Amino acid sequence: MTTNNSILVDNVRSNKSDNMVWAEMAFLLKKQTGLYISDICLTRLSLEIRKLKEAALTPEQKEAKEHFDEAVEQFVEEHSVDNVLAKADEEKAKAKGKRKSSKPRASAKKQKEEKEKVAN
């Protein structure tokens with residue numbers, strides 16, 4: 001018969017992120033009891049905590065969180081490596097295009113020769 005050991009934690013107070021707190025607790029429990037605590041269990045625990053926190057939010061807090069998430073997503077998209085590199089390539093192409101569209105200037109010798117030809 002297999003036995004499942006369960007440890008229930010009602011409340012944890014820390015200034016660290018939830019994932020870090022649970023990882024530290026798992027490490028301490030593993031050290032004290034010799035039990036193996038998988039990363040999958042910690043991930044599931046983190047997801048459950050996130051769900052509980054989101055359920056406890058007021059409507060104003062939910063709206064603010066959604067707005068913040070949208071702003072973060074937009075910032076990440078605008079500053080992604082692909083977009084930054086694409087903008088740099090566009091600027092280079094524009095700079096090359098400006099150079100090509102302007103008239104190339106003749107050297108001083110050629111300008112003198114043309115003036116002499118016109119004068120004759």
Completion exercise
Filtered hits (lysines, Cα-Cα < 22 Å from LYS94, offset >= 8 within chain) -> LYS103
Problem - Partners for LYS96 among lysines (Cα-Cα distance below 24 Å; same-chain residues under 8 apart left out) - result: LYS87
Practice task
Arrange the peptides 21-34, 45-58, 69-82 so that the one whose residues have, on average, the most other Cβ atoms within 10 Å appears first.
Solution key: 21-34, 45-58, 69-82
Problem - region 32-93 shape via C-alpha gyration tensor axes, a/c threshold 1.5 - result: oblate
Completion exercise
Any aspartates and glutamates whose Cα falls less than 16 Å from that of LYS30, other than same-chain ones fewer than 8 residues away, would be ASP39
Problem - Debye-sum result for region 58-99 in log10 I(q)/I(0), which assumes one identical scatterer on each alpha carbon, at q = 0.30, 0.31, 0.35 Å⁻¹ - result: -0.90, -0.92, -1.01
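No lab work stands behind these numbers, since they all come straight from the coordinates. All figures in this text were calculated on a predicted structure; none of them were measured in a lab. Positions of Cβ are backbone-derived with ideal geometry, glycine not excepted, and every protein chain shown enters the neighbour counts.
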